Amino acid sequence: MTTLPRPSLSLPGRRSAESPPWGYRARRSLKVMAVYGMVAVALVFFLFPYFWMVVSAFKSPGDVTAYPPVWLFEPTLDNFRELIESMGALSALRNSLIVVGLSTCLALIFGTMAAYALARFNIKGKETIALEILMVRMLPPIVSVIPLFLLARKFGLFDTYWILIAVYTLMGLPFVVWVMRVFVQEIPRSIEEAALVDGCTRLQVLFRISLPLMLPGLAATVVIIFMFAWNEYLFATMLTSSAAKTLPVVAANTVKPRGISWGLASAVGLLMSIPVVVLALLAQRYLVRGLTFGVVKG
Amino acid sequence: MGVRIEGLWKLFGGHTAVRDVSVEIEDGEFFVLLGPSGCGKTTTLRMIAGLENLSAGRVFFDDEDVTFFEPRRRDIAMVFQDYGLYPHLSVVDNIMFPLKVAGVPKDERRRRAGEVAERLEISSLLKRKPPQISGGEKQRVALARALVRNPKVFLMDEPLSNLDAKLRVSMRTEIKRLVSDAGITTIYVTHDQIEAMALATRIAVMNQGEMVQVGNPLEIYDRPATRFVASFIGSPPMNMFDGRLNSAEELEVVPRFLGEAVSRARVRQFYEQAPSIGGVVVGVRPEHLRLGASVGASNAVVELVEPLGQSTNVYLRADATPFVAVTNRTTLQVGDRVDVQVDESNIHVMDKETGRNFAVSPDDGLGA
């Protein structure tokens, strides 16, 4: 860009160079390599347990407990066969997907609408309402599980999808409300007012303007509440017996009276992790914040 | 379309933001609400837009009462201070958005957006998104989005205040051209008196929630109804001095040449309007002071000279009181003695308590 001659520095021991000093580039790439190195170490540290679980899922009972650990072995599908044939893992997987999928959707829909109202409208005592919603989350689950069990029996909801969907929706709601409220607040009011003036109803403003701007928040929230519900064990084990049994209950059953069946535990762990990994990868591109960044400035 | 507001009030908790504002804006008028920040001008505009609920009062578009209409039913277009562009939509989608909501067919939408973009010289930006364009370009896109629908009323809330000084002046001219071409009634909010003077067919000056004076720019400049209007409009601002109407025929003020410039008849006229009032404020605009060559006992000394090119600000002191005069180019030097002259018609005498300007009859411009 600059074609002007640079003022030559005639300080002793310093050459007036047209290009950056020698070695600058090399130092820079060294720095980049160091960063990559550290990232690699961190990845190995965090991913090794997962890797070990995946490997163990395909080991025979002898190989799993072998010491020193065997790295080369003959892979087997026995663990999965047993999970599916005698432990009902497939139907549990289906139950989990239905229950958690539906409750995540419901929590997201109701939670986002509540968050929008709490952030945008003048509601009397809305801070109190927001705190009350949060309190649902603060209640230790063990406190409510017995009453819920009794209620479920009374209304014939025991061992059905509906009781778990209700509980998981309720668990996810406070989180959605509190996270999404912040995202709504971050949207400049003038954007929504412009849409109102341009001919939108409030609901159109929400769906056409605000929701697209909240996508990063929605993506993050979906992953988190899905994971909470997906891993939930206490309610799942207390409120179901067989028909609506979910995967965490099956996973717990791999702890046998004679000890933990590591091969089975690894296999069910692998099975359980797949939907979460898939969801996180799908949501990943929205997780990059900053869609609303730089709206006002300029 | 004409806009009429009647007895508009807005209370925020215990604070009165807008107090009994009424005005009638004619079809095709460029009407500017002018005032310092917090004077209620933006709130007034937002109530006309329907974005703010009224505490009391009525809003009419022509003869239709739109007081309780939602914004979308008022057929208005608004330009916001921070532009209010939709960041997730491209520039062309932003411009087409009002048409899309209104259900205009796609081809028609594209054609009209293209036309407006052409007129505002933003055709090259259509595919980009708002975060990728500059402030001036955002401003143009916001204007295009407002123009594309041919609204009945244009509302603009300090649309130029986020631009740098140079761009602000060029956009100002452009807005005036675009709006007068379209012939659409426009209500424009600003705190910048020069912007107001340059754009308006009529200005309403607001202060502390009240509409203090309504009139065309020169009316407001020449015949400010109150001390507030007199001091708010004009740059450098009007010189103000404390004075007294101490008998029926004498205006006592420092510097003395001002009092001497007012005839006895005129003093009596002021006095009759408010016989009980002793304290007044005497005002004179800097450009109404004529600096003449020193003749004998000159009445002022030059303290500072600011040559601005097209005019010169001369800071003077007379009878130990400082004031400023604006002249053409001058050879005056600091320390020179000059003779200051002023016509009595250019001297404003205002009530110190209420701020009312006695030189302007009370009905002037108010409640137009």
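Please treat every number below as a calculation from the coordinates, not as lab data. None of the values given here were measured: they were computed from a predicted structure. A quick note on method: Cβ atoms are made from the backbone with ideal geometry, for glycine too, and the neighbour counts reach across all protein chains shown.
Name the shape class, rounded, prolate or oblate, that the alpha-carbon gyration tensor gives for chain A, where a ≥ b ≥ c are the square roots of its eigenvalues, rounded holds for a/c under 1.5, and otherwise prolate holds if a/b is larger than b/c and oblate otherwise.
Oblate is the answer for chain A, as a/c is 1.5 or above yet b/c matches or exceeds a/b.
Using each residue's phi in the range B:16-25, evaluate 6.51 cos²θ - 1.76 cosθ + 1.60 at θ = phi - 60° and report the 3J(HN,Hα) Karplus result to the nearest Hz, with x for Gly and Pro.
Computed from phi, the couplings for the range B:16-25 are 8, 8, 9, 10, 6, 9, 10, 6, 10, 10 Hz.
About the Cα centre of chain A, how large is the charge dipole given +1 on each Lys and Arg Cβ and -1 on each Asp and Glu Cβ? Please answer in debye to the nearest 20.
With Lys and Arg at +1 and Asp and Glu at -1, about 1080 debye.
Mind ordering B:169-178, B:281-290 by average Cβ neighbours within 10 Å, highest first?
Highest mean packing first, the order is B:281-290, B:169-178.
Find how many whole Å separate the alpha carbon centroid of the range A:241-274 from the alpha carbon centroid of the range B:168-229.
A separation of 75 Å, based on Cα centres.
Could you please state, rounded to a whole Å, how far the C-alpha centre of the range A:134-209 is from the C-alpha centre of the range A:15-94?
Cα centroid of the range A:134-209 versus Cα centroid of the range A:15-94: 36 Å apart.
Mind checking the mean number of beta-carbon atoms from other chains within 10 Å of the Cβ atoms in B:73-85?
5
At 24 Å minimum axial length over the Cα atoms and a Kyte-Doolittle cut of 0.0, report the qualifying DSSP H helices in chain A, or say none.
Answer set is A:24-57, A:89-120, A:161-186, A:211-231, A:262-284.
So how do A:41-47, A:93-99, A:250-256 stack up, highest first, on mean other-Cβ count within 10 Å?
Highest to lowest by the protection proxy: A:93-99, A:250-256, A:41-47.
So for chain A, averaging the separation of alpha carbon pairs under 8 Å that are six or more residues apart and normalising by length, what relative contact order in percent results?
This gives 27 percent for chain A.
Summing -39500 (n - 2.57) over the DSSP H runs of n ≥ 4 in the protein assembly as shown and dividing by its residue number, what mean residue ellipticity at 222 nm do you reach, to the nearest 500 deg cm²/dmol?
Helix contribution divided over all residues of the protein assembly as shown: -14500 deg cm²/dmol.
Could you work out, residue by residue across B:97-103, how many beta carbons of other chains sit within 10 Å of that residue's beta carbon, and then give the average as an integer?
4
Considering the options B:Thr186, B:Pro224, B:Gln139, tell which one lies farthest towards the positive end of the dipole of the protein assembly as shown, charges being +1 on Lys and Arg and -1 on Asp and Glu at the Cβ, about the Cα centre.
B:Gln139
Just want the answer: with Cβ charges of +1 for Lys and Arg and -1 for Asp and Glu, which residue in B:Ile76, B:Leu34, B:Thr44 is farthest toward the dipole's positive end in the range B:3-227?
Positive-end residue among those listed: B:Ile76.
Quick check on packing: order A:167-176, B:263-272, B:314-323, A:63-72 by the mean number of other C-beta atoms within 10 Å, highest mean leading.
Most protected by this proxy first, the peptides run A:167-176, B:314-323, B:263-272, A:63-72.
Taking every residue in A:198-211, how many Cβ atoms of other protein chains lie within 10 Å of its Cβ, on average?
Across the residues of A:198-211, the mean count of other-chain Cβ atoms within 10 Å is 4.
Tell me which of A:Pro147, B:Met1, A:Ser91 sits at the most positive position along the dipole axis of the protein assembly as shown, charges placed on C-beta atoms (Lys, Arg +1; Asp, Glu -1).
Result: A:Ser91, furthest along the dipole toward the positive end.
Quick one: grab the alpha carbon gyration tensor of the protein assembly as shown, order the square roots of its eigenvalues as a ≥ b ≥ c, and give me rounded if a/c is under 1.5, else prolate or oblate depending on whether a/b is larger than b/c.
Prolate.
What is chain B's relative contact order, in percent, from Cα pairs under 8 angstrom and six or more apart in sequence?
The value is 16 percent.
In µm²/s, what is D for the range B:183-229 at 25 °C and 0.890 mPa s, where D = kT/(6 pi eta Rh) by Stokes-Einstein and Rh is the Kirkwood radius from Cα pairs?
Value of D from the Cα-based Kirkwood radius: 221 µm²/s.
Which loop chymotrypsin sites (Phe, Trp or Tyr not before Pro) in the range A:94-123, with loop taken from DSSP, have no more than 16 other Cβ atoms within 10 angstrom of their Cβ?
The qualifying sites are A:Phe121.
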